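Enquirer: Please find one structure pasted underneath; my questions will follow.
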Amino acid sequence: MVKEIERAGIPVVLLCNLIPVATTVGANKIVPTISIPYPLGDPGTSWETQWKLRYHRVGVALDALTDDIEEQKVYKVKI
Amino acid sequence: MKLEIGNFLIKDVIFGEKTMFNNGILTINKEEAIAFIKEDEHITDVDIVIAKPGENTRIVPVKEAVEPRIRPDGRAVFPGVTGDIEMAGSGRVHALKGCSVLGVGMHYGSFGDGLIDMGGEGAKYTLFSQLINICIVADTDEEFERFEQQKKNTAIRMASHKFAEYLGATVKDKEPEEVEVFELDPVIKRTEEVNKLPSVVLVMQPQSQMEALGYNDEVYGWDMNKYVPSFMNPNEVLDGALISGSFMPCSSKWSTYDFQNFPTIKELYKEHGKSINFLGVIMSNLNVALEQKKRSAIFVAQMAKSLGADGAIVTEEGYGNPDADYILCLAALEDVGVKTVGISNECTGRDGASQPLVTLDVKANALVSTGNVSQLIELSPADKVIGELQALARDGLSGGWSYDEILGPSVREDGSIIMENNAMFCGDMIAGWSPKTMKEF
Amino acid sequence: MKKAIHYINQFFAGIGGEDTADYKPEIREGAIGPALALSSMLNAEITHTVICGDNYMGSNTDEAIKEILSFLEDKEFDIFIAGPAFQAGRYGVACGNICKAVKERFNVPVLTSMNEENPGVEMFKKDMYVFKGGKSAAKLKDDVKVIASFANKILNGEKTGSADKEGFFPRGIRAQVWLESGKTGAERGVEMLIKKLNGLPFESELPIPKQDRVPVATPIADLSKAKIAIMTTGGIVPVNNPDRIQSASATRWGRYDISNVDKLESGVYKTIHAGFDPAAADADPNVIMPVDAMKTYLKEGKFGALHDYFYSTVGTGTTQAEAMRMAKEIIIKLEEDKVDAVIMTST
């Protein structure tokens with residue numbers, strides 16, 4: 001999916017947990033998430049904690065859209 | 001550790017006056033057996049049906065398979081599950097060979113349930129068509145999950161374990177026809193002859209990905225989602241320390257029967273002292289988050305290295321994201337200088353043209369492939385159905401569907417079916433039985 | 001008797017070598033050159049031979065194909081065979097091109113043969129049966145024999161075997177095979193490990209395929225003016241799953257209007273993905289499809305506009321071909337609305 005979108009010339013960032021899967025598939029811009037069932041918010045934490053994490057990582061993904069890269073990159077996240 | 005499995009070869013299973021084993025014939029008093037199963041008040045309705053190889057019979061939804069066994073010394077066959085928790089893997093256990101107890105839903109199926117055809121074209125897709133199956137066909141009061149796609153199936157699965165032990169009791173005090181012996185000396189106390197052979201571990205990755213408890217494989221009755229890899233004696237696996245869960249798409253599943261007879265363990269035993277020094281099993285797990293997957297791979301690689309393993313076989317109970325655990329583990333072992341072989345199935349898509357594993361690594365250069373979960377299978381109607389055929393289409397079995405604009409529903413009006421291999425009961429025989437491989441066409 | 005048509009270049013037609021490589025396409029009745037060897041082994045009559053110069057095919061590919069297809073328009077044939085091309089690069093590519101075109105236009109089986117060094121192998125092995133051929137015409141007889149025996153199976157309606165058995169290059173299509181030896185996975189695995197430990201050659205049953213990379217799209221210059229769309233393969237759908245997206249091996253996708261909501265409400269949306277515990281996503285679908293975070297950033301002016309819909313399907317077990325088709329369908333919608341960039345989540 002990601003590859004087709006990129007092939008069409010539309011910049012795309014993939015948020016996912018399984019980085020090896022994303023790198024194997026060939027996504028170019030990857031932002032890590034925390035798990036498979038809940039990529040952007042651990043239900044074991046408070047809603048505020050989940051929100052902060054989600055807001056941060058989606059922000060990293062948005063910024064990644066503007067990043068000029070030569071090859072595959074996995075972005076660092078703070079929370 | 002020395003384990004003796006005393007085998008009693010089953011030629012036939014019949015209903016009769018008295019539950020007993022005599023001359024290869026297992027007789028079951030059905031009324032008493034049903035009363036025994038109903039001792040669990042969660043079982044609201046139950047029938048026992050016998051299915052034999054070659055019959056034109058279809059069984060669905062199958063949730064679990066167990067080999068009937070008993071321990072003459074009174075210990076539980078499944079420690080921590082059917083009785084007190086005690087160490088498995090040594091002493092004597094008696095097994096009824098050539099048959100299995102199947103846990104079958106009377107009506108409802110779930111994601112991890114499968115189908116068995118006892119005869120015809122469908123029989124080749126599962127090992128269980130070759131066994132005499134004593135089917136517990138049951139309904140339960142587990143209302144909370146009746147219409148859920150993911151079910152724990154606790155009552156039916158536990159009934160299968162208990163009933164397997166109940167039937168095993170028929171040979172408790174009898175002399176077996178043959179005795180298989182499985183014995184490994186302690187790792188650092190082996191003869192020079194054995195020590196100079198390349199040493200090998202088996203790394204097992206049983207299914208443990210459900211974070212909610214009650215769905216996963218268990219070790220000594222402990223849910224393996226809350227578990228980190230550790231070293232086990234292969235005899236523990238062969239002797240009931242592990243039971244199967246209720247989550248993975250069925251063709252990728254290891255049933256309890258698979259654990260009890262794990263062919264890859266038996267094959268390593270066969271070569272032990274001849275061409276390899278079989279150190280034992282590193283029992284790992286399968287995880288959800290990448291960090292957990294990496295952590296388990298680290299545990300495994302460290303243990304293999306510290307044990308002095310030259311080689312390892314890694315095998316996973318699953319496909320899809322578990323491939324990431326599988327490949328990470330193979331790569332982590334190669335990175336510390338342990339030569340690896342992987343045994344798993346693949347998901348190459350219905351067209352056979354998709355990426356076979358979700359992660360790939362050139363370090364995984366020696367893989368055995370036991371099948372394609374998404375291969376489409378079309379089978380004609382069966383004369384008799386044990387369970388409920390509609391479950392395949394209606395209840396979200398991993399290889400069935402209720403609607404498809406091109407293929408139509410999985411279950412057709414005339415009783416013929418179309419499904420993915422995914423829902424064949426333990427169909428890819430990843431434990432090591434599989435005579436199937438994947439080839440390029 | 002079934003009918004076959006054969007394609008060869010100017011050299012094998014006996015017209016000439018390099019000096020005649022610009023030879024324009026022509027069709028002759030009957031078998032010529034390599035086709036003579038082929039016709040003696042084939043359960044079909046070679047009714048015609050198409051001849052074309054390698055350079056002509058190379059520099060006027062579209063025209064050459066058009067001309068050749070027009071020759072074939074009024075012919076009846078059951079199979080089309082080109083080459084063998086051995087190591088000859090231009091000839092190999094020509095065989096591949098014409099086979100591909102014939103297959104597309106007439107939907108008949110097409111076969112060719114090349115040496116593994118021939119660049120045509122990489123270009124065409126996924127599109128047709130390319131048999132493993134020798135380096136030069138000295139191997140003509142052997143190569144033709146392999147092609148003929150496979151062609152006969154197709155002509156007779158017999159089942160054909162796997163790539164290694166039949167001798168063609170793997171086409172990237174894998175299927176289950178029950179081993180005649182009956183050797184189990186356990187036996188094969190232990191045997192492979194013993195070979196590997198002893199430094200002996202072994203053959204993986206799942207060779208790791210080469211990775212396909214896509215060039216990085218031009219990044220967004222000014223995020224505050226960009227229109228962004230969001231997507232997921234995590235199976236977030238309205239609770240009644242109106243598009244009946246499958247919980248595994250999906251062939252369908254859906255798009256759902258989010259122009260008037262600030263977040264995805266539990267009880268209104270859920271996940272139908274069967275590959276994981278759905279509890280967390282059902283309780284708060286934003287953990288998979290972060291509509292809430294996107295809407296907040298939109299209000300804060302971080303990006304210009306949010307596309308009115310989010311897109312959803314399920315990733316597990318979905319074939320690459322299906323994923324590609326779904327992506328193409330979705331891209332049309334994105335382009336209609338002039339979407340500049342995509343944020344995608346997967347599970």
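The values are calculated or read from the model by the stated rules, or taken from the named source; none is laboratory data. These numbers were taken from a predicted model, which means no experiment stands behind them. Here the Cβ positions follow ideal geometry from the backbone for every residue, glycine too, while neighbour counts run over all protein chains shown.
Enquirer: So which strands (runs of 3 or more DSSP E) are wholly in the range C:254-347 and hold at least 2 residues that are at pLDDT 95 or above and at the interface with another protein chain (Cβ under 7 Å from one of its Cβ atoms)?
Expert: Values: elements: C:254-257, C:269-271, C:305-312, C:341-345.
Per the criteria, C:341-345.
Enquirer: Same structure again: Here is a list of conditions, (1) within 24 Å of B:Ala212 (Cβ to Cβ); (2) surrounded by 15 or more Cβ atoms within 10 Å (Cβ to Cβ), and A:Ala61 meets all of them except one; can you say which number that is?
Expert: Just one mismatch for A:Ala61, condition (1).
Enquirer: Find all pairs meeting these conditions: Cβ atoms under 6 angstrom apart; at least six residues apart or on different chains; first residue within the range A:1-19 and under 17 Å from C:Met326 (Cα atoms) and at pLDDT below 95; second residue surrounded by fewer than 20 Cβ atoms within 10 Å (Cβ to Cβ) and polar (S, T, N, Q).
Expert: none
Enquirer: Here is a list: B:Val60, B:Val46. Which entry is of a type outside the set (Lys, Arg), in a strand (DSSP E or B) and more than 15 Å from B:Lys162 (Cα to Cα)? Don't jump to the end; show me each part of the working.
Expert: Working: B:Val46 fails: more than 15 Å from B:Lys162 (Cα to Cα).
None of the other options fit; the residue is B:Val60.
Enquirer: State all residues of the range B:351-374 that are crowded, with 23+ Cβ neighbours inside 10 Å, modelled with pLDDT of 95 or more and polar (S, T, N, Q); if no residue qualifies, say none.
Expert: Hits for the range B:351-374 are B:Ser369, B:Thr370, B:Asn372.
Enquirer: Right, another one. Would you confirm, using the coordinates I've provided, whether C:Arg171 is farther than 25 Å from C:Thr47 by Cβ, among the basic types (Lys, Arg) and assigned to a loop (DSSP other than H, G, I, E, B)? If you could, list the steps in order and put the result at the bottom.
Expert: On the way: farther than 25 Å from C:Thr47 by Cβ: yes; among the basic types (Lys, Arg): yes; assigned to a loop (DSSP other than H, G, I, E, B): yes.
Yes.
Enquirer: Return the total of residues in the range A:24-50 being surrounded by fewer than 19 Cβ atoms within 10 Å (Cβ to Cβ) and over 16 Å from C:Ala323 (Cβ atoms). Lay out the reasoning, then the answer.
Expert: Initially, the range A:24-50 is screened for residues surrounded by fewer than 19 Cβ atoms within 10 Å (Cβ to Cβ), giving A:26, A:42-49.
Within this subset, residues satisfying the condition of being over 16 Å from C:Ala323 (Cβ atoms) are A:42-49.
Residues flagged as surrounded by fewer than 19 Cβ atoms within 10 Å (Cβ to Cβ) and over 16 Å from C:Ala323 (Cβ atoms) within the range A:24-50 amount to 8.
Enquirer: For A:Val31, which of the numbered conditions (1) more than 7 Å from chain C (Cβ to nearest Cβ); (2) touching a Phe, Trp or Tyr at 6+ places or on another chain (Cβ under 7 Å); (3) in a helix (DSSP H, G or I) fails to hold?
Expert: (3)
Enquirer: Next question, about the same structure. Using the structure shown, decide if B:Glu193 is touching a Gly at 6+ places or on another chain (Cβ under 6 Å), of a type in the set (D, E, K, R) and assigned to a helix (DSSP H, G or I). Break it down stepwise before answering.
Expert: Values: touching a Gly at 6+ places or on another chain (Cβ under 6 Å): no; of a type in the set (D, E, K, R): yes; assigned to a helix (DSSP H, G or I): yes.
Spelling it out, it is not the case that B:Glu193 is touching a Gly at 6+ places or on another chain (Cβ under 6 Å), of a type in the set (D, E, K, R) and assigned to a helix (DSSP H, G or I).
Enquirer: Going by the conditions given, is B:Lys226 of a type outside the set (Gly, Ala, Ser) and more than 24 Å from the chain's Cα centre (by Cα)? Outline the logic, then answer.
Expert: Details: of a type outside the set (Gly, Ala, Ser): yes; more than 24 Å from the chain's Cα centre (by Cα): no.
Taking the combined requirement at face value, the residue does not satisfy it.
Enquirer: Sort out which residues of the range B:290-317 are more than 10 Å from chain C (Cβ to nearest Cβ) and outside any helix (DSSP H, G or I), and write them in order of number. Write out each step before concluding.
Expert: Start the filter on the range B:290-317 by keeping residues that are more than 10 Å from chain C (Cβ to nearest Cβ), which leaves B:290-309, B:316-317.
Correct list: B:Gly308, B:Ala309, B:Glu316, B:Glu317.
Enquirer: Checking B:Gln207 against (1) crowded, with 22+ Cβ neighbours inside 10 Å; (2) more than 18 Å from B:Pro249 (Cα to Cα), only one condition comes out false. Which one?
Expert: That leaves (2) as the condition not met.
Enquirer: Next up: Looking at (1) within 10 Å of another protein chain (Cβ to nearest Cβ); (2) farther than 22 Å from B:Phe111 by Cα; (3) touching a residue at least 60 places away in the same chain (Cβ under 8 Å); (4) surrounded by 24 or more Cβ atoms within 10 Å (Cβ to Cβ), can you tell me which one B:Thr348 breaks?
Expert: (2)
Enquirer: Right, C:Thr184: touching a Lys or Arg at 6+ places or on another chain (Cβ under 6 Å), of a type in the set (Val, Ile, Thr) and within 12 Å of another protein chain (Cβ to nearest Cβ) or not?
Expert: Taking the combined requirement at face value, the residue does not satisfy it.
Enquirer: Which members of the range B:205-223 meet the condition of being touching a Ser or Thr at 6+ places or on another chain (Cβ under 6 Å) and in a strand (DSSP E or B)?
Expert: B:Gln205, the sole residue that qualifies.
Enquirer: How about the range B:421-441: which of its residues are at the interface with chain C (Cβ under 7 Å from one of its Cβ atoms) and within 25 Å of C:Arg171 (Cβ to Cβ)?
Expert: B:Ser434, B:Pro435, B:Lys436, B:Thr437, B:Met438, B:Lys439, B:Glu440, B:Phe441
Enquirer: Continuing with the same structure: Which of the residues spanning the range B:8-43 are surrounded by fewer than 18 Cβ atoms within 10 Å (Cβ to Cβ) and polar (S, T, N, Q)?
Expert: B:Asn22, B:Asn23, B:Thr27, B:Asn29
Enquirer: With the requirement that a residue be farther than 15 Å from C:Asp340 by Cβ, in a strand (DSSP E or B) and more than 14 Å from chain B (Cβ to nearest Cβ), what does the range C:201-236 give you?
Expert: Once the filter is applied, which keeps residues that are farther than 15 Å from C:Asp340 by Cβ, in a strand (DSSP E or B) and more than 14 Å from chain B (Cβ to nearest Cβ), the range C:201-236 yields C:Thr232, C:Ile236.
Enquirer: Which residues, counting only those in the range A:35-57, are more than 10 Å from the chain's Cα centre (by Cα), in a loop (DSSP other than H, G, I, E, B) and within 7 Å of another protein chain (Cβ to nearest Cβ)? Write out each step before concluding.
Expert: Restricting attention to the range A:35-57, the residues satisfying the condition of being more than 10 Å from the chain's Cα centre (by Cα) are A:35-38, A:41-56.
After this cut, where a residue has to be in a loop (DSSP other than H, G, I, E, B) as well, the list is A:35-38, A:41-46.
Result: A:Ser35, A:Ile36, A:Pro37, A:Tyr38, A:Gly41, A:Pro43.
Enquirer: Which residues, taken from the range A:58-71, are of a type outside the set (Ser, Thr, Tyr) and facing chain C (nearest Cβ under 8 Å)? Steps first, answer last, please.
Expert: Start the filter on the range A:58-71 by keeping residues that are of a type outside the set (Ser, Thr, Tyr), which leaves A:58-65, A:67-71.
Listed by number, the residues that qualify are A:Val58, A:Gly59, A:Ala61, A:Leu62, A:Asp63, A:Leu65, A:Asp67, A:Asp68, A:Ile69, A:Glu70, A:Glu71.
Enquirer: Okay, next question. Given the conditions (1) of a type in the set (A, V, I, L, M); (2) within 21 Å of the chain's Cα centre (by Cα); (3) assigned to a loop (DSSP other than H, G, I, E, B), report the number of the one that B:Ala353 does not fulfil.
Expert: (2)
Enquirer: I've got another one for you. Name the single residue that is surrounded by the fewest Cβ atoms within 10 Å (Cβ to Cβ) among those in the range C:89-124 being in a loop (DSSP other than H, G, I, E, B) and touching a strand residue (DSSP E or B) at 6+ places or on another chain (Cβ under 8 Å).
Expert: C:Glu116
Enquirer: Against the conditions (1) of a type outside the set (Lys, Arg); (2) in contact (Cβ under 8 Å) with a residue 60 or more places away in the chain; (3) part of a loop (DSSP other than H, G, I, E, B), where does B:Thr370 fall short? Just the number, please.
Expert: So B:Thr370 meets the others, but not (3).
Enquirer: For B:Ala88, are the conditions met, namely being assigned to a strand (DSSP E or B), touching a residue at least 24 places away in the same chain (Cβ under 8 Å), among the hydrophobic types (A, V, I, L, M, F, W, C) and under 23 Å from B:Met232 (Cβ atoms)?
Expert: Criteria not met by B:Ala88.
Enquirer: Name every residue in the range B:386-439 that is farther than 25 Å from C:Val314 by Cβ, touching a strand residue (DSSP E or B) at 6+ places or on another chain (Cβ under 6 Å) and of a type in the set (D, E, K, R), in order of residue number.
Expert: B:Lys436, B:Lys439
Enquirer: While we're looking at this one, here's another question. Within the range B:271-291, track down each residue that is out of contact with any helix residue (DSSP H, G or I) (no Cβ under 7 Å at 6 or more places or on another chain) and modelled with pLDDT of 95 or more.
Expert: At the first step, the residues of the range B:271-291 found to be out of contact with any helix residue (DSSP H, G or I) (no Cβ under 7 Å at 6 or more places or on another chain) are B:272, B:274, B:283, B:288-289, B:291.
Once the filter is applied, which keeps residues that are out of contact with any helix residue (DSSP H, G or I) (no Cβ under 7 Å at 6 or more places or on another chain) and modelled with pLDDT of 95 or more, the range B:271-291 yields B:His272, B:Lys274, B:Met283.
Enquirer: Of all residues being within 8 Å of chain C (Cβ to nearest Cβ) and surrounded by fewer than 24 Cβ atoms within 10 Å (Cβ to Cβ) in the range A:7-20, which is nearest to the chain's Cα centre (by Cα)? Just the residue, please.
Expert: Per the stated criteria, the residue is A:Pro11.
Enquirer: Here are B:Ala95, B:Ala33: which of them is within 19 Å of the chain's Cα centre (by Cα), among the small types (Gly, Ala, Ser) and farther than 26 Å from B:Gln150 by Cα? Can you show your working first?
Expert: Working: B:Ala33 fails: within 19 Å of the chain's Cα centre (by Cα).
B:Ala95 is the lone residue from the list that is within 19 Å of the chain's Cα centre (by Cα), among the small types (Gly, Ala, Ser) and farther than 26 Å from B:Gln150 by Cα.
Enquirer: Restricting attention to the range C:91-135, report how many residues are among the aromatic types (Phe, Trp, Tyr) and in contact with a Leu (Cβ under 6 Å, 6 or more places away or on another chain).
Expert: 1
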